[in-house]
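Chemist: Just dropping this structure here.
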Amino acid sequence: MLQEINFDGIVGPSHNYAGLSLGNLAATANAGNVSFPRAAALQGIEKMRANMALGLAQGFLLPLPRPHDGFVASLGLTGSDAEPALRAAAWSASSMWTANAATVSPAPDTADGRCHFTPANLVTMPHRSIEWPDTVRQLRLAFADSAHFAVHDAVPPCFGDEGAANHMRMGLSHGDPALEIFVYGRPGGAFPARQNEQASRAVARLHRLNPERVLFVEQNPQAIAAGAFHNDVVAVANERVLFTHELAFADPDATYAAIREKLPEAEIVIVPASRVSLGEAIRSYLFNAQLLTLPDGTMALVIPTEAWDSAEVRSWLEEMLRANGPIRRVIPVDVRQSMANGGGPACLRLRVVADPATVDPRFMLDDARAESISAVIAAQWPEQIDPADLDRPALAQAVRKARRNLLETLDLAELD
Ligand code: SUG
């Protein structure tokens, strides 16, 4: 009954490149470029369809209301008088990266046998700090069944929390009790360490995890300095497999030993820097992959096309496939519009282990819903946005109307 469901964020109609995330090298490099919201959202739908075609359960979360007038007003501004970065913050479609929507601890791991969610407060980046109140509203609708789900408030803003992007779960199968690994950063480097250790510890307590099956691991400061603003840029886990760059963790050997002690069946696939440098891993987003268990029990790695196109990465992956290790297939997908803001295939999804029958069906994807979502996007999402246009009232109106039409199509107007 319990299975992994990936909830992808539908890319919102205001998707743009404003360079808001210091330490996210793709986002800052693309600051000011013209974005293509319609193409971005359709790329995301194609990724979901491809995963469904593999026989996997797929859900989605809706874009949040943007522009966020309340944010601008709370700063004593009206919008037209806001400086560009603040205006852009109110417009950001950043909720598309649902790996940052929440941390999720499935029922087998928690003391009360419910699947727990804590929305991420995302306080490090102003444009992301305004997501969680609307995110939690949506989670409480999608996972309203309180016999199976518990949705908490975010942890206090004194401790930055970035959600599932800094959280990994390892066990024999999705439905078994698993080891939950929380990865945090220590401040002091050139770029912000977004995940605070105290936030991770608070989430583990709120989710009533068994302390015997929890690890807190420090991210390698060198990785943060090289642009790994979230741990999921340098490592990904699925069931008994951890796929990681050798420079992901501050103390890799102690981390691997602690994992093996708690899960002797763990298989740790380590990519050495001599084969794929940290810089190339981050540029190509090799690790920002979906590591998926297919219905036949084998694993596939869904990577961005940028990773497949990298000679260093491809040579390593081809060797990995020839060696017949735990990962048997590599599937490149085109999510270039999201990638240009530092969001790969793994950023775009929130993993939830649950019985799909307990989820509000309006958030579950099937072919018919994929068709109707694509039709609204094709008809209503702006073809392109130049960040200089973010003060145009007509654009704001078009973006709001597009989102509202999608909500109505999905019978989710109550999220308006
Ligand atoms: O938080 N980019 C996001 C990318 C999030 C990726 N998520 C994971 N790694 N799980 C961020 O930095 C850029 C927005 C802009 O600059 O316009 C942005 O928010």
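Chemist: Of 30, 216, 150, which is farthest on the positive side of the dipole of the chain, counting Cα position, with +1 on Lys and Arg Cβ, -1 on Asp and Glu Cβ, and the Cα centre as origin?
Modeler: So the residue furthest toward the plus end is 30.
Chemist: While we're on this one: Quick one: which residues, 5+ away or cross-chain, put their amide H under 5 Å from the amide H of residue 271? H built at 1.01 Å from N.
Modeler: For residue 271, the qualifying residues are 244, 245, 246.
Chemist: Report the full-extension gain for the segment residue 328 to residue 409: residue separation times 0.36 nm, less the Cα-Cα distance, to one decimal in nm. Don't jump to the answer; show the numbers that get you there.
Modeler: On the way: separation 81, 0.36 × 81 = 29.16 nm, distance 3.83 nm.
Difference between extended and current length: 25.3 nm.
Chemist: Using a 10 angstrom cutoff on alpha carbons, build the Gaussian network for the chain and name the most mobile of 211, 252, 65.
Modeler: Of 211, 252, 65, the most mobile in the Gaussian network model is 211.
Chemist: I want to check the label-to-label distance for residue 389 and residue 212. Put each point 7 Å from Cα in the C-beta direction and report it in nm to one decimal.
Modeler: 5.9 nm
Chemist: Moving on. Largest first and in whole Å, what are the equivalent-ellipsoid semi-axes of the range 1-131 based on the Cα gyration tensor, each being the root of 5 times an eigenvalue? Mind showing how you got there, number by number?
Modeler: Working: eigenvalues 181, 77, 30 Å².
Equivalent ellipsoid of the range 1-131: 30, 20, 12 Å, largest first.
Chemist: What distance in nm separates the simple spin-label points at residue 140 and residue 372, each placed 7 Å from Cα in the Cβ direction?
Modeler: For residue 140 paired with residue 372, the spin-label model returns 2.6 nm.
Chemist: Given Cα pairs under 8 Å that are at least 6 residues apart, what percent is the relative contact order of the chain?
Modeler: Result for the chain is 24 percent.
Chemist: Can you list residues from other chains, or at least 5 along the same chain, whose modelled amide H is less than 5 Å from the amide H of residue 214?
Modeler: Residues meeting the criterion, in which the H sits 1.01 Å from N, are 180.
Chemist: Still on this structure, please answer the following. Explain nothing, just compute: Karplus ³J(HN,Hα) = 6.51 cos²θ - 1.76 cosθ + 1.60, θ = phi - 60°, for every residue of the range 162-175 in order, whole Hz, x for Gly and Pro.
Modeler: 3J(HN,Hα) across the range 162-175, in whole Hz: 10, x, 5, 5, 10, 9, 10, 10, 10, x, 5, 8, 4, x.
Chemist: Here is a follow-up. For residue 34 and residue 416 in one chain, what is 0.36 nm times their gap in residues minus the Cα-Cα distance, to one decimal in nm?
Modeler: So the extension gain works out to 134.8 nm.
Chemist: Here's something else I'd like to know. For residue 46 and residue 251, compute 0.36 nm times the residue count separating them, minus their Cα-Cα distance, and round to one decimal in nm.
Modeler: 70.0 nm
Chemist: Suppose R0 equals 25 Å. What FRET efficiency, 1/(1 + (r/R0)^6) with r the Cβ-Cβ distance, do residue 318 and residue 53 give to the nearest 0.05?
Modeler: Details: r = 24 Å, r/R0 = 0.95.
Step by step, r from the Cβ atoms, then E = 0.55.
Chemist: Round to a whole number: what % of the accessible area of the chain belongs to carbon and sulfur, probe 1.4 Å?
Modeler: Heavy-atom surface of the chain belonging to carbon and sulfur, 1.4 Å probe: 52 percent.
Chemist: Right, here's the next one. Which value in deg cm²/dmol, rounded to the nearest 500, describes the helix-derived mean residue ellipticity at 222 nm for the chain, given -39,500 (n - 2.57) per DSSP H run of n ≥ 4 and division by the residue count? Before the final figure, lay out the partial values.
Modeler: On the way: 15 runs with 135 residues, N = 416.
-9000 deg cm²/dmol, from helical runs alone.
Chemist: Calculate the translational D of the range 239-370 in whole µm² s⁻¹ from Stokes-Einstein, where the hydrodynamic radius comes from the Kirkwood formula applied to all Cα pairs, the temperature is 4 °C and the viscosity 1.567 mPa s.
Modeler: 79 µm²/s
Chemist: Would you please put 140-148, 336-344, 90-98 in order of how densely packed they are, using the mean number of other Cβ atoms within 10 angstrom per residue and starting with the highest?
Modeler: So the peptides 140-148, 336-344, 90-98, ranked by packing, come out 90-98, 336-344, 140-148.
Chemist: I would also like to ask the following. Give the residues of the range 371-409 whose amide nitrogen is closer than 20 Å to a point set 7 Å from the Cα of residue 78 in the direction of its Cβ.
Modeler: Within reach of a label on residue 78, which here means backbone N under 20 Å from a point 7 Å along Cα→Cβ, the range 371-409 contributes 389-398.
Chemist: Follow-up question, since we're still on this one. Leaving out ligands and nucleic acids, note down the accessible area per residue over the chain with a 1.4 angstrom probe, in whole Å².
Modeler: That works out to 37 Å² for each residue.
Chemist: On to the next question. Could you tell me which of rounded, prolate or oblate describes the chain, using a ≥ b ≥ c as the square roots of the eigenvalues of the alpha-carbon gyration tensor, with rounded for a/c under 1.5 and, failing that, prolate when a/b is larger than b/c and oblate otherwise?
Modeler: Rounded, because the longest to shortest axis ratio a/c is under 1.5.
The values are calculated or read from the model by the stated rules, or taken from the named source; none is laboratory data. The shown structure was predicted, so the numbers you read here are calculated from the model rather than taken from an experiment. Positions of Cβ are backbone-derived with ideal geometry, glycine not excepted, and every protein chain shown enters the neighbour counts. Ligands, DNA and RNA are excluded from the accessible area calculation, which covers all protein heavy atoms including side chains. Shrake-Rupley method; radii C 1.70, N 1.55, O 1.52, S 1.80 Å.
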